[in-house]
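Here, each number is a calculation from the coordinates, and none is a lab measurement. Since this is a predicted model, take the numbers as computed values, not measurements. Here Cβ is always computed from backbone atoms with ideal geometry, including for glycine, and neighbour counts include all displayed protein chains.
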Amino acid sequence: MSNRTRAGLPFPSDEWDLLVRLPGRVAVAATSAEPDTSRRTLVEGAAGAEAIAAARGSDSRLVRGVAETIDEGADNDPPAAEEFSDREAAIAGVLDACRLAAASLAAHAEPADSGAYRAWIESIAESVCQASRSGGVLGLGGVTISPAERRFLDDLAAAFEC
């Protein structure tokens, strides 16, 4: 992988790939935290895509570089309604990937960039979890963030505190 693709940052290729894949994986994990209807999953997926794209305007060179790399690899398809089929195992895998990303950031990134990346990842998950209410009937009632989604958000934050 070229330095241009890695935004001139000193990450080994495999670690850079992890940082680039993680935003999408976190969006799907957040979507999968609470079983939803296809419509809600699509709304959540779109919210995740918007939160990922918002990084283009980040003050962090690292976050912008990751977003640019994501854009370079994008196939320009609309966001898919996607959930993990084995929620528990897949979410655990995403949280493990977050721990690896945290270790990579600690080793290779400036603290400000590391904090900006973590905040971006957490904002993606938060946007997805807040995109549609869970537990209501015909759009009425329910909660913005379900207990399962809250647990995922808390676990995600803890995964970056290694």
Inset, instruction - Taking the Cα centre of segment 13-159 as origin, work out the dipole magnitude from +1 charges on Lys and Arg Cβ and -1 charges on Asp and Glu Cβ, in debye rounded to 20. - result: 420 debye
Legend entry - segment 53-62 - phi-based ³J(HN,Hα) in whole Hz, Karplus 6.51/-1.76/1.60, Gly and Pro as x: 5, 4, 5, 4, x, 5, 6, 7, 4, 5
Legend entry - Three-way shape label, segment 1-70, alpha-carbon gyration tensor, a/c 1.5: prolate
Legend entry - Ascending count of other beta-carbon atoms within 10 Å, so fewest first, for VAL128, VAL28: VAL28, VAL128
Legend entry - Radius of gyration, Dmax [segment 13-159; alpha carbons; angstrom]: 14.9, 48
Legend entry - Summed residue charge, Cβ within 10 Å of LEU153's Cβ, Lys/Arg positive, Asp/Glu negative: -3
Inset, instruction - In whole Hz, with x marking every Gly and Pro, tabulate ³J(HN,Hα) for segment 21-26 from phi via Karplus 6.51 cos²θ - 1.76 cosθ + 1.60, θ = phi - 60°. - result: 7, 4, x, x, 5, 5
Legend entry - Inter-probe distance in nm under a simple model that places probes 7 Å from Cα toward Cβ, at GLU68 and GLU50: 2.6 nm
